[in-house]
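Take a look at the structure below.
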Amino acid sequence: MNRTAQRDAILKQLRAVKTHPTADELYAGLRVNMPQISLGTVYRNLEQMSQAGLIRKLETAGKQKRFDGDISEHFHMRCRVCGAVVDIESEKLRGLSAMIRKLLPELGCDSFNLELSGCCGGCKEETMVTN
């Protein structure tokens, strides 16, 4: 994959945040310093970097794709209140992941995505304050 100034800027911005932004959110942030960048360029580069394994694409049926600059093995929780996606670190989940990975060939699968759902810290705080 060829490196370009635009691709490098997209990757740098994505790796600088932990919010798992959408392409539109990345585009808005990039336009501050690169007003000439197009939304199509952002989408195209995100897809290419995802296919090359440089970033992770987080897809859930019916939801807008989000992207993660952290390609290490970790898991995500989607807040059912605000829709935010947050990282979950857990040794227990890594064990579960290893068990699932062993089963994939038997199931005729080559990959999996484990996404948890719940209430993020911000929404929990807000609920506690309003109650």
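The values are calculated or read from the model by the stated rules, or taken from the named source; none is laboratory data. This structure is a prediction, so every number in the text was calculated from the model and none was measured. We place every Cβ from the backbone using ideal geometry, glycine too, and count neighbours over all the protein chains shown.
Of note:
- Those residues of region 49-89 which are assigned to a loop (DSSP other than H, G, I, E, B), surrounded by fewer than 17 Cβ atoms within 10 Å (Cβ to Cβ) and β-branched (Val, Ile, Thr), in sequence order: THR60, ILE71, VAL81
- From SER117, SER97, residue being outside the structural domain of ASN2 (by TED's automatic domain parsing) and either assigned to a loop (DSSP other than H, G, I, E, B) or modelled with pLDDT of 90 or more (or both): SER117
- Among the residues of region 11-28, those that are surrounded by fewer than 17 Cβ atoms within 10 Å (Cβ to Cβ) and either touching a residue at least 60 places away in the same chain (Cβ under 8 Å) or part of a helix (DSSP H, G or I) (or both) comprise LYS12, ARG15, ALA16, LYS18, THR19, ASP24, ALA28.
- Cβ separations smaller than 8 Å between residues 6+ apart or across chains give the following pairs from region 105-131 residues that are at negative phi to residues that are surrounded by 11 or more Cβ atoms within 10 Å (Cβ to Cβ) and modelled with pLDDT under 80: GLU115/THR60; CYS119/THR127.
- Residue match in region 36-48 (condition: within 18 Å of the chain's Cα centre (by Cα), outside any helix (DSSP H, G or I) and closer than 30 Å to ASN2 by Cα): no
- Single condition GLN13 does not satisfy, out of (1) under 11 Å from the mean Cα position of the chain (by Cα); (2) under 30 Å from GLU126 (Cβ atoms): (1)
- Here GLN36 clears all of (1) modelled with pLDDT under 95; (2) surrounded by 15 or more Cβ atoms within 10 Å (Cβ to Cβ); (3) over 13 Å from ASP68 (Cβ atoms) except the condition numbered (2).
- Pairs where the first residue, in region 46-72, is touching a residue at least 12 places away in the same chain (Cβ under 8 Å) and the second is small (Gly, Ala, Ser) and outside any loop (DSSP other than H, G, I, E, B), C-beta under 8 Å, 6+ apart: LEU46/ALA23; ARG56/SER50; LYS65/ALA23; PHE67/ALA23; PHE67/SER50; GLY69/ALA16
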